[in-house]
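Presented below is the structure to which this report refers.
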C-alpha cells in the first residue's frame, strides 16, 4: 500500500467519482464541483500566463508596439459588461471572427477537400486504394437523391450503405476501446499504485 499522500488523494477522489455508478450522492457532487472548479482555475492560470508571455512581456520589455492592437481588441471584448460602451465589444469580436473565417477558408479547401480527393483517387495499385475508391463512390451514390436510381446506382448505394455501417461500427469500437484504456488506467492506479495488489 502506498504511503504517498497524493496517491491517496487521487485514489479517494477517483473512488468518489466512481460512486456515481451506484447512484448520485453528495460525495460525488462535491468531487464533481472540485473537478470543474480546479479545471476552470487551471485554464484561467494558463490563459493569464499566455497573455503575459505572448502579449505583455514582448510589449513592455521588447518594445513590440504591434502587440498593442490585439491586446486592446481583447480588452474591448469585456466592454459588454459596461452598458454604455457595450457596442465596443463588437469590434474585437468582429476582428476575431473575421480572422478565423479567413484563415479557415484558406486552409479548409487545401487541407480537407483537395487532400481527401487526392487520397481517394490516388494510384490504384493496392486493394486498399481500390476498396476506398469503391466505398467513397458507393457512399456518394447512397446520398444521391436528385436522380432516378437505376441498377448500377442502386448497387453502388448498397455498397455505400455497408461502407457507412462498417465505418460507424469501427468508430464506435475505437471509442469503446479508448474508454476501456482509461478505465484500465484507473484500475492500475487503484489496485497497483495505491493498494499494491498488482504489479
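I'd like the FRET efficiency for residue 177 and residue 65, computed as 1/(1 + (r/R0)^6) with the beta carbon distance as r and R0 of 35 Å, rounded to 0.05.
0.10
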Using the alpha-carbon centroid of each, what span in Å lies between the range 145-161 and the range 7-49?
51
Per the rule of 0.36 nm per residue minus the C-alpha distance, extending residue 82 to residue 111 adds in nm 6.3 nm
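For the residues 159, 182, what sequence is obtained by ranking on other C-beta atoms within 10 Å, fewest first?
182, 159
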Say R0 is 30 Å: what FRET efficiency, to the nearest 0.05, do residue 128 and residue 103 get from their beta-carbon distance?
0.35
From Cα pairs below 8 angstrom and at least 6 apart in sequence, can you work out the relative contact order of the chain, rounded to a whole percent?
19
If all Cα-Cα distances of the chain are sorted into 5 Å bins from 0 onward, what percent lands in each bin, rounded to whole numbers?
1, 6, 6, 8, 9, 9, 8, 8, 12, 15, 11, 5, 2, 0, 0
Considering only 184, 67, 21, give the residue with the highest GNM mean-square fluctuation for the chain, with springs between Cα atoms whenever their separation is below 10 Å.
21
Modelled label-to-label distance, residue 32 and residue 56, 7 Å Cα→beta-carbon offset: nm?
3.5
Could you give the length gained on full extension between residue 167 and residue 20, defined as 0.36 nm per residue of separation minus the Cα-Cα distance, in nm?
49.7 nm
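FYI, it's all coordinate maths here, none of it is from the lab. Please read these numbers as outputs of a predicted model, since none were measured by experiment. Glycine also receives a Cβ, built like all others from the backbone with ideal geometry; neighbour counts cover every protein chain displayed.
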